[in-house]
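> After the structure tokens below, expect a handful of questions from me.
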Amino acid sequence: MDIQTILQKDQLNKEDLVFLLGRTDRAECQALYEAAYRVKLEYIGNVDYYRGLLEFSNRCIKNCLYCGIRRDNTEVARFDTPREDILQMARWCFENQYGSLCLQSGERQDEAFIAYVESLIRDIKRIGGGALGLTLCCGEQTEETYRRWYDAGAHRYLLRIETSNPRLYATLHPQDGHHQWQVRKDCLAALARTGWQVGTGVMIGLPGQTLEDLADDILFYQENNIAMVGMGPYVVHHNTPLGNEVTAAGRDTRRDREERLRLGINMVAATRLYLKDVNIAATTALQALHPLGREMALKAGANILMPLVTVQRYRTQYQLYDNKPCLEDSQDECRHCLAGRVASIGDRVGWGEWGDSPHFFNHLGDKG
Ligand code: SAH
Ligand code: SF4
């Protein structure tokens, strides 16, 4: 197969995706990224949107084998950000023209948590008369809970499927009945039914994951009418079962990390080429593997940045993986640093705009 022929095709198939994802040669990767950036220019423009990412609590009932804040990690001090601090950060985002805020946390399904998030949403939507777009990323919930949070005023929800391969999913989660791939998939359908703009994504470079799996992930986004994609490389956390397994097997060398980074960028580019009009995030995990990881993703087709606005004193307690960047930077520093990164690649920031996924409006009637 010849990369130029594939890049000139109007619609790629799975075989093409596998081929593109597997490119390692520098010139071939460059051609792939340039083609994806051209599609971004055509469907989105050279504009990147901000969503301030506020990690407001690390309490979690789940035990995902890869995650640093899993329930059984007793090294982590658990925190809840006081309500007034959350609102202050939301006001900061509004005043600094971030356009949108994303509230992320560990998973809890108790009524106290559900009601708390619901009232938080209402308070945040009062800022600037509803000016801030609001994304939630709080895990698996019932359809009723998703409806309550939507009715309170949030409108986008991120729930990564983690991998579209149920067998691979099973190796990444405890087999205790509470970590089921099908339940997660059903949550995505419930979110779509309730009116949310739905985002999903996967981890890239997982042990046992093949290029076919990654190509299937992109097909999964399409089959499920996904409007937003947030995906990033798997990054080892030292105190997790999966992290220990990968490290013990000698599979977290510099070369392994470079490989996961490249695969991550290749995925961004292939997803942009295949889905065209969706929002794609340049995720922080890319930067954990390379200082310029996020810029590389923007140049390969991503159009969303999520600067951290987590309250400073809690940042070290919300580490899903090792080497989380921006732990020390204040939100003002993050704002300027990222604006510089966007300008450095020739894009501009869509200050004060929600930057909703064009796909959502182009495909409103489609079935999820
Ligand atoms: N609890 C919610 C949201 C917080 S976790 C949920 O799980 O949906 C958000 C995302 O972090 C997860 O979906 C997962 O893809 C990612 N993540 C967790 N541990 C990671 C690791 N070690 N490397 C890369 N990404 C990780
Ligand atoms: Fe909890 Fe999300 Fe981490 Fe799983 S990935 S342990 S649900 S915070």
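> Highest first, please rank the peptides 155-161, 115-121 by the mean number of other Cβ atoms sitting within 10 Å of their residues. Walk me through the intermediate numbers first.
Numbers: 155-161: 22.9, 115-121: 17.4.
Put in order of decreasing packing, that is 155-161, 115-121.
> Under 24 Å between alpha carbons, and skipping anything fewer than 8 positions from K324 in its own chain: which lysines qualify?
Output for K324: K62, K299.
> Taking 7 Å along the Cα-to-C-beta vector as the label spot, tell me the E15-D322 distance in nanometres, rounded to one decimal.
Here the modelled spin labels are 4.2 nm apart.
> Hey, quick one: spin label on Q97, modelled 7 Å out along Cα-Cβ, who in segment 274-317 has an amide N within reach, i.e. under 20 Å?
From segment 274-317, the list is 303-309.
> Run the lone-cysteine check on the chain: no other Cys C-beta under 4.7 Å from the residue's C-beta.
C29, C60, C93, C102, C137, C138, C187, C326, C334, C337
> Right, something else. Taking the inverse of the average 1/r across all pairs of different Cα atoms in segment 157-225, what Kirkwood radius in Å do you get?
Details: mean 1/r = 0.0801 Å⁻¹.
In segment 157-225 this quantity evaluates to 12.5 Å.
> Moving on. Grab the eigenvalues of the alpha-carbon gyration tensor for segment 111-180, scale each by 5, take roots, and send me the semi-axes largest first in whole angstrom. Provide the component values of the computation, followed by the final result.
Details: eigenvalues 179, 37, 14 Å².
Working through the eigenvalues yields semi-axes of 30, 14, 8 Å.
> Another question, if that's okay. Return a whole-number percent for the relative contact order of segment 216-368, with Cα pairs under 8 Å and 6 or more residues apart as the contact set.
On the way: 169 pairs, mean separation 44.3, N = 153.
Contact order relative to length: 29 percent.
> Find how much the distance from T171 to M1 grows on full extension, using 0.36 nm per residue of separation minus their present alpha carbon separation; answer in nm with one decimal. Please report the intermediate quantities before stating the final value.
Details: separation 170, 0.36 × 170 = 61.20 nm, distance 3.30 nm.
Gain on stretching T171 to M1: 57.9 nm.
> If you take the charge dipole of the chain about its Cα centre, with +1 on Lys and Arg Cβ and -1 on Asp and Glu Cβ, which of L168, I6, P358 is farthest toward its positive end?
In the chain, that residue is P358.
> Further question on the same structure: From the C-alpha coordinates alone, can you work out the Kirkwood hydrodynamic radius of segment 321-368, in Å? Walk me through the numbers on the way to the answer.
On the way: mean 1/r = 0.0718 Å⁻¹.
One decimal place: 13.9 Å for the Kirkwood radius.
> Give me the net charge for the shell around N13: Cβ to Cβ below 13 angstrom, other residues only, Lys and Arg +1, Asp and Glu -1. Intermediate results must be reported in sequence, preceding the final value.
Numbers: positive: K9, K14; negative: D10, E15, D16, E212, D216.
Residues near N13 contribute -3 overall.
> Could I ask something else about it? Could you please report the charge total around K125, scoring K, R as +1 and D, E as -1 over all other residues with beta-carbon less than 12 angstrom from its beta-carbon? Each step should come with its number before you reach the end.
Working: positive: R122, R126; negative: E118, D123, D151.
It works out to a net charge of -1.
> Tally the DSSP beta bridges in segment 1-152 and give the antiparallel ones as a percent, rounded to 5.
Numbers: 1 of 12 bridges.
If I count the DSSP bridges inside segment 1-152, around 10 percent turn out antiparallel.
> Let me check against my output: what whole-number percent is the relative contact order of segment 95-237, with C-alpha pairs under 8 Å and at least 6 apart?
22 percent
> Moving on to the next point. Convex hull over the alpha-carbon atoms of segment 253-368: what's its volume per residue in Å³?
Working: hull volume 16.1 nm³, N = 116.
Convex hull volume per residue, Cα atoms: 139 Å³.
> Treating only the Cβ atoms of Lys and Arg (+1) and Asp and Glu (-1) as charged, compute the dipole magnitude of the chain about its Cα centre; round to the nearest 20 debye. Mind showing how you got there, number by number?
Details: 43 positive and 49 negative charges, 66 e Å.
It comes to approximately 320 debye.
> Additional query: Label N239 and Q312 with points 7 Å out from Cα along Cα→Cβ: what is the distance between them in nm?
Spacing of the two 7 Å Cα→Cβ label points: 2.4 nm.
> Sticking with this structure for a sec: Mind jotting down the distance between the C-alpha centroids of segment 239-309 and segment 170-232, whole Å?
16 Å
> If you don't mind, there's one more thing I want to ask. For a quick size check, give me the Cα extents of the chain along its three principal axes, largest first, whole Å.
The Cα atoms of the chain stretch 56, 44, 41 Å along their principal axes.
> I would also like to ask the following. Figure the gain on full extension for A189 and E118 (residue separation times 0.36 nm, minus the Cα-Cα span) and round it to one decimal in nm.
23.5 nm
> Next question. Only four residue types carry charge here, +1 at the Cβ of Lys and Arg and -1 at the Cβ of Asp and Glu. Report the dipole size of segment 103-151 about the Cα centre in Debye, rounded to the nearest 20.
Numbers: 6 positive and 9 negative charges, 67 e Å.
So the dipole magnitude of segment 103-151 works out to roughly 320 debye.
> Just in segment 318-358: which GluC sites (Glu not before Pro) are loop by DSSP and have at most 15 other Cβ atoms within 10 Å? Please report the intermediate quantities before stating the final value.
Working: sites: E328, E333, E353; in loops: E328, E353.
Within segment 318-358, the qualifying GluC sites (Glu not before Pro) (loop, at most 15 other Cβ atoms within 10 Å) are E328, E353.
> Please sort by residue number the chymotrypsin sites (Phe, Trp or Tyr not before Pro) in segment 1-110 whose DSSP state is loop and whose Cβ has at most 16 other Cβ atoms within 10 Å. Numbers along the way, then the final one.
Working: sites: F19, Y33, Y37, Y43, Y49, Y50, F56, Y66, F79, W92, F94, Y98; in loops: Y66, F79, Y98.
For chymotrypsin sites (Phe, Trp or Tyr not before Pro) across segment 1-110 that sit outside H, G, I, E and B with at most 16 neighbouring Cβ atoms in 10 Å, the list reads F79.
> State the answer as a single residue: which of I345, A302, C326 lies farthest towards the positive end of the charge dipole of segment 289-348, with beta carbon charges of +1 for Lys and Arg and -1 for Asp and Glu, about the Cα centre.
My answer, from the dipole projection, is A302.
> So, one more: Calculate, in nm to one decimal, what S344 and R251 gain on full extension: separation in residues at 0.36 nm each, minus their alpha carbon distance.
On the way: separation 93, 0.36 × 93 = 33.48 nm, distance 3.33 nm.
Full-extension gain reported as 30.2 nm.
> Follow-up question, since we're still on this one. Using only alpha carbon pairs under 8 Å that are at least six residues apart, calculate the relative contact order of the chain and give it in whole percent.
Details: 673 pairs, mean separation 94.5, N = 368.
The normalised contact order for the chain reaches 26 percent.
> Then there's this: Among R78, R26, R251, whose mean-square fluctuation peaks in a Gaussian network model of the chain (Cα, cutoff 10 Å)?
Looking only at R78, R26, R251, the largest GNM fluctuation is found for R26.
Every read-out reported here was derived from the displayed coordinates using simple, explicitly stated rules and does not represent laboratory data. Keep in mind that what you see is a predicted model, and the values were worked out from it rather than measured. All Cβ positions, glycine included, derive from the backbone under ideal geometry; neighbour counts span all protein chains shown.
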